[in-house]
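The numbers here are math on the coordinates, done by the rules we state, and not lab data. Here the structure is a predicted model, which is why all the values come from computation and not from measurement. Please note: Cβ atoms are built from the backbone with ideal geometry, for glycine as well, and neighbour counts cover all protein chains shown.
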Amino acid sequence: MMKACIRKVARFFCLKERDSSDNLHNFAPRMDDKHYLLSLIREGEHQQQDFKYRVADACKLAKTVSAFANTDGGRLLIGVRDDGHLSGVRSEEEIYMMHQAAYKYCKPEASIKFDTYHVEGRTIVIATVPPSPNRPICALDEEGNKRAYIRINDENIVASPVHLALWREQQKPLGAIMTYNDTVRQLLNAIEGQRTLNQIVRALRLSRPKVIALLARLIRFGIVRWEYQSQQFLFSQI
């Protein structure tokens, strides 16, 4: 009965996905399902993989979809506990909420592909999210507020204002010229070592939006790098 419900829901959303993006959902059984799943589980949770014991909240799941789409892509193993044990997907409602997370609670809609695996009498769903060319993909909360996420190691982090500015920069045509003027020189002097955004704004006495836009351009041109440490982003010269 459970497998029949999954196939029924899967067929509906497979047609929707195929019409919109030509991504195919593969629900055919495979001989080495167990070996393949165990090899993925042994990797543990990391930047491109997350385990979900059950799907009870489409809004929460949308945060992970957003984070994968805005970073390097990734896969959700649904029906797998944090310790790697198989629990299985238990209801048609869980399958429905997976699709809701990508198609209703992500704006714009995230591209996602679903594959089902049947191992030891349990159904495991792998939801694969490719990196999006149209960043940011935002997740909606219960009130309808949009927020973009990124994936760092095994965490979903709210995208910073610099991420948003960088994605806007990356939508611009290639071939732009970066002018090395006094403002750029002052900013580069301000980030000798590693500095937070707030520290840079205070040092330059420029408006926060202007510093954010300039950092985004310098990152795009490979002049400035950034990394995430102790729950904050640090900027430095390359």
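Assorted remarks:
- Against the chain, whose longest principal axis is taken from its Cα atoms, helix 161-170 shows a tilt of about 90°.
- For the range 160-237, average projected area of the Cα convex hull in nm²: 4.9
- Legend: ranking of residues Tyr105, Tyr53, Tyr117 from fewest to most surrounding C-beta atoms inside 10 Å; resulting order Tyr53, Tyr117, Tyr105.
- For the range 136-181, applying the loop criterion from DSSP together with a ceiling of 11 other beta carbons within 10 Å to the chymotrypsin sites (Phe, Trp or Tyr not before Pro) yields Tyr180.
- Near-label residues of the range 153-181 by backbone N, under 17 Å of a point 7 Å along Cα→Cβ of Tyr228: 153-167
- Dipole-positive endmost among Val65, Gln170, Cys106 within the chain (Cβ charges, Cα centre): Gln170
- Within the set [x] 1.19; [y] 1.11; [z] 1.67, the number that Cα Rg over 2.2 N^0.38 Å takes when calculated for this structure is listed as [x].
- The range 125-226: GluC sites (Glu not before Pro) in DSSP coil with no more than 12 other Cβ atoms inside 10 Å: Glu142, Glu143, Glu192
- Among Ile112, Ile177, the order by Cβ neighbours within 10 angstrom, fewest to most, reads Ile177, Ile112.
- The ranking of Ser207, Ser87 by Cβ neighbour count inside 10 Å, starting from the fewest, reads Ser207, Ser87.
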